[in-house]
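Encoded as structure tokens, the structure appears first; notes follow it.
The values are calculated or read from the model by the stated rules, or taken from the named source; none is laboratory data. These numbers come from a predicted model, not from an experiment. Virtual Cβ from ideal backbone geometry, glycine too; neighbours counted across all protein chains shown.
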Amino acid sequence: MAITQGRRSLLVVLGMAAIAAGCAPTAQQQAEALSRPDGVPNARARESRRFDTSDLPAVLRATLGALQDSGFTIEETQAQFGVVTASKIAGVRIRVQVVLRRLPNREAILVRATFQRVIPRPGAMLAGGEVMDDPLLYRDFFERLAQSLYLTANEI
């Protein structure tokens, strides 16, 4: 039995759709990637600090310094949006994203850092990420940031 051109095209399209479906994450994988074990309020409290200054460029410079002092390599900085992305290898690859934003009606800047352990997935084009919830990691970063801001403000 001969396969016509139309049937051949249909088989190719169906085969490609089956391959693409095998690469897509399941609904459970998507939910697990976005969920937090201890809830959003606790995570935000751990990941965020308020600094009583309106000098966003100074906080951005201090953020870059704190990350570099912690062994991170700066990958991307978008100063106009207050976003910094950095990573380092410490047994596993660790990625951090820091977002700075001015608080409305206040002379303060909110800094939020999120650390992730990068998990390679064999055969996948993109690696997965797992949020790191270690309070010491966040405390160390924010202490370095506060110290850098203090030294800069007092010109030490």
Checklist entry - Can you name the residue in segment 38-60 that is under 17 Å from the mean Cα position of the chain (by Cα) and modelled with pLDDT under 90 and is also surrounded by the most Cβ atoms within 10 Å (Cβ to Cβ) among such residues? => result ARG46
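LEU149: among the aliphatic types (A, V, I, L, M), surrounded by 12 or more Cβ atoms within 10 Å (Cβ to Cβ) and without any contact (Cβ under 8 Å) to a residue 24 or more places away in the chain, yes or no?
Numbers: among the aliphatic types (A, V, I, L, M): yes; surrounded by 12 or more Cβ atoms within 10 Å (Cβ to Cβ): yes; without any contact (Cβ under 8 Å) to a residue 24 or more places away in the chain: no.
Taking the combined requirement at face value, the residue does not satisfy it.
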Item to check | Single residue of GLN30, GLN78 found to be modelled with pLDDT of 70 or more, on the phi < 0 side of the Ramachandran plot and out of contact with any helix residue (DSSP H, G or I) (no Cβ under 9 Å at 6 or more places or on another chain) | outcome: GLN78
Next on the checklist: I'm told GLN116 meets every condition in (1) in a helix (DSSP H, G or I); (2) without any contact (Cβ under 8 Å) to a residue 24 or more places away in the chain; (3) touching an Asp or Glu at 6+ places or on another chain (Cβ under 7 Å) except one. Can you identify the failing condition by its number?
Outcome noted: (1)
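Could you please find all residues in segment 63-88 being touching a residue at least 24 places away in the same chain (Cβ under 8 Å) and either in contact with a His (Cβ under 7 Å, 6 or more places away or on another chain) or within 21 Å of THR152 (Cα to Cα) (or both)?
Filtering segment 63-88 down to residues touching a residue at least 24 places away in the same chain (Cβ under 8 Å) leaves 63, 65-67, 69-70, 72, 82, 84, 87.
Within segment 63-88, THR63, GLY65, ALA66, LEU67, ASP69, SER70, PHE72, GLY82, VAL84 meet the criteria.
Please go through segment 105-124 and pick out each residue that is over 18 Å from the mean Cα position of the chain (by Cα) and at pLDDT below 90.
Residues of segment 105-124 over 18 Å from the mean Cα position of the chain (by Cα): 105-109, 122-124.
If the condition is that a residue be over 18 Å from the mean Cα position of the chain (by Cα) and at pLDDT below 90, then ASN105, ARG106, PRO122, GLY123, ALA124 are the ones that fit.
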